[in-house]
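The values are calculated or read from the model by the stated rules, or taken from the named source; none is laboratory data. All values reported here derive from a predicted model rather than from experimental measurement. Using ideal geometry, Cβ is built from the backbone for each residue, glycine included, and neighbour counts are taken over all protein chains shown. Just the protein is used for accessible areas: all its heavy atoms, side chains included, with ligands, DNA and RNA removed. Shrake-Rupley method; radii C 1.70, N 1.55, O 1.52, S 1.80 Å.
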Amino acid sequence: MSHRNLSAVALLMITVAVTACGAEPNRSPAAAPTPTLAVPSADPATPSDPAAVPAPTGEASPAAPAAPSSAAPPPSAAGPAADGTTERRPPSPPPVELPPRQAGAPTGREVVAAFRAAGLKAANVRDRSVDCGPDGLGLGCSELVVTDNVAVYVFPDESSAGDLAERWSGAAYRSGTVVLNYLEAPTPRADRPRYEKVLDTLR
């Protein structure tokens, strides 16, 4: 090959090379595609949100605490018993029936009123007729009126009154169906005849 032919071949190769390098002279470097970086997926072993972690296989997830159940209502204070029967209270004992006072005999309060009218002491009057019945002293009297100075017993008949007067011999005085007792009230001996005289006027 001659020197001229070599020059021509070399020129042709240079031209081809220049043409290949400058095929896209107007393209800016910025237009070149930006390589995409792959974002590594989150490590399942270390999640960022604990709530998103599924429960391990074979284990149930913890359940929310159950709401407290409402307390059972208290049993009714009134009503039938458990077996369906109605509870009944035993009847109260009947009142004590005292023997009637003898017709025309003064009452215990009438005797006390006569003492006061005569100027004798008979303070703090108390009706204790319940002591005449079986639940009390069982004396069988019809009335019992007590003061701080003397006790007045009224019996249904003179025989019952005489029996009690003898039992309290030396500390009692009887007039008809009424007995004055000086044991419960410390009546001075000097004043006793005055009470007895007033009682005698009531017969």
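What does the highest-first list of 121-128, 148-155 look like by mean Cβ count within 10 Å?
Working: 121-128: 13.8, 148-155: 23.9.
In decreasing order of mean packing, 121-128, 148-155 become 148-155, 121-128.
Using the beta-carbon distance between Ala123 and Arg192 and R0 = 25 Å, what value does 1/(1 + (r/R0)^6) give for FRET efficiency, to the nearest 0.05? Can you show the working numbers first?
On the way: r = 17 Å, r/R0 = 0.67.
Plugging the Cβ-Cβ distance into 1/(1 + (r/R0)^6) gives 0.90.
For Ala105, what charge total do you get from the other residues with a beta carbon under 11 Å from its beta carbon, if Lys and Arg give +1 and Asp and Glu give -1? Write down the numbers at each step before the final one.
On the way: positive: Arg101, Arg203; negative: Glu110, Glu143, Asp157, Glu158.
Net charge in that neighbourhood comes out at -2.
Could you do me a favour and compute the accessible area per residue for segment 145-203, 1.4 Å probe, result in Å²? Each step should come with its number before you reach the end.
On the way: 2820 Å² over 59 residues.
That works out to 48 Å² for each residue.
If packing is taken as the average number of other Cβ atoms within 10 Å across a peptide's residues, how do 163-171, 139-147 rank, most packed first? It would help to have the intermediate numbers written out before the result.
Working: 163-171: 12.9, 139-147: 21.9.
Order by mean packing, descending: 139-147, 163-171.
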